[in-house]
Amino acid sequence: MEASGPRRGSRLALTVGLMAIFGGLWLFLDAQGVGVPPFKRLWPTLLLLGAGAALADLLFLSRRPQAAGWTVTWLGFGVLGFTLTLGYTNWRKILDWLPTVPTIFGLSLLATWLAEGRRNDNLVIAGGVLIGLGLVGFAARFDFLQRILPSAQVAWAVLLLAGGGYLVWRTLAQARR
């Protein structure tokens, strides 16, 4: 650790360290005959360890707001990984779970925005668009969501109107200052 604070690589070192401990523990227990689940079912745990490392970085090490976004990203992909390995979703039905990806990234941007103290409006706009894209993707795949959510065209219209309206309002508000 430097005098000015933790190095930028602290989150990566923490992540790799936690993953190595997990892998070593799993291998040791397996070698001792302990009935551990096969690694093909446990690999998403590595992603959840990444979430824990990013959260520790946010709370105890660098306190960088981006660590909040990384926490949500690792956590989201870890949960998605478990839904795939445990059979709740299927690798072959990629279109059923693919909208989760922009949703995870959108939530990550919103987490970063909140951790920054709501200073960067571009993060909330991009996050909202990505979450909207995910919702539209889910609505196109599932009948019960199609009944609840508007059509894709209406959803995009609402997203564009809200985003554009916000940008115009923000620009005019800044011009008055």
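All of the numbers you see were taken from the coordinates with simple rules; none came from a lab. Because the structure is a prediction, the values reported are computed rather than measured. Quick reminder, even Gly has a Cβ in these numbers, built from the backbone with ideal geometry, and neighbours come from all protein chains shown.
Using the Cβ-Cβ distance between residue 26 and residue 168 with R0 set to 45 Å, the FRET efficiency from 1/(1 + (r/R0)^6) comes to roughly 0.25. Pairwise Cα distances in the stretch 93-177 exceed 21 Å in 39 percent of cases.
Report the relative contact order of the chain, percent, no decimals, based on alpha-carbon pairs under 8 angstrom and at least 6 residues apart.
Working: 177 pairs, mean separation 27.8, N = 177.
For the chain, the relative contact order is 16 percent.
Roughly what angle does helix 100-115 make with the longest principal axis of the chain, taking Cα atoms, 0 to 90 degrees, to the nearest 10? For helix 100-115, the angle is close to 80 degrees. Helix 44-59 and the longest principal axis of the Cα set of the chain meet at an angle near 70°.
Modelled label positions at residue 91 and residue 40, each set 7 Å beyond Cα in the direction of Cβ, lie 0.8 nm from each other. Annotation: Cα Rg of the stretch 1-88 relative to the compact-globule expectation 2.2 N^0.38 Å equals 1.24. Relative to the longest principal axis of the Cα atoms of the chain, the long axis of helix 10-31 makes an angle of roughly 40 degrees. The length gained on full extension between residue 122 and residue 12, counted as 0.36 nm times the residue separation minus their Cα-Cα distance, comes to 37.0 nm. Look at the alpha carbon pairs under 8 Å that are at least 6 residues apart: their mean separation over the length of the stretch 93-177 gives a relative contact order of 27 percent. Multiplying each eigenvalue of the alpha-carbon gyration tensor of the stretch 18-170 by 5 and taking the square root yields semi-axes of 35, 24, 7 Å, largest first, rounded to whole angstroms.
One Cα centroid belongs to the stretch 70-99, the other to the stretch 126-177; the line between them spans 23 Å.
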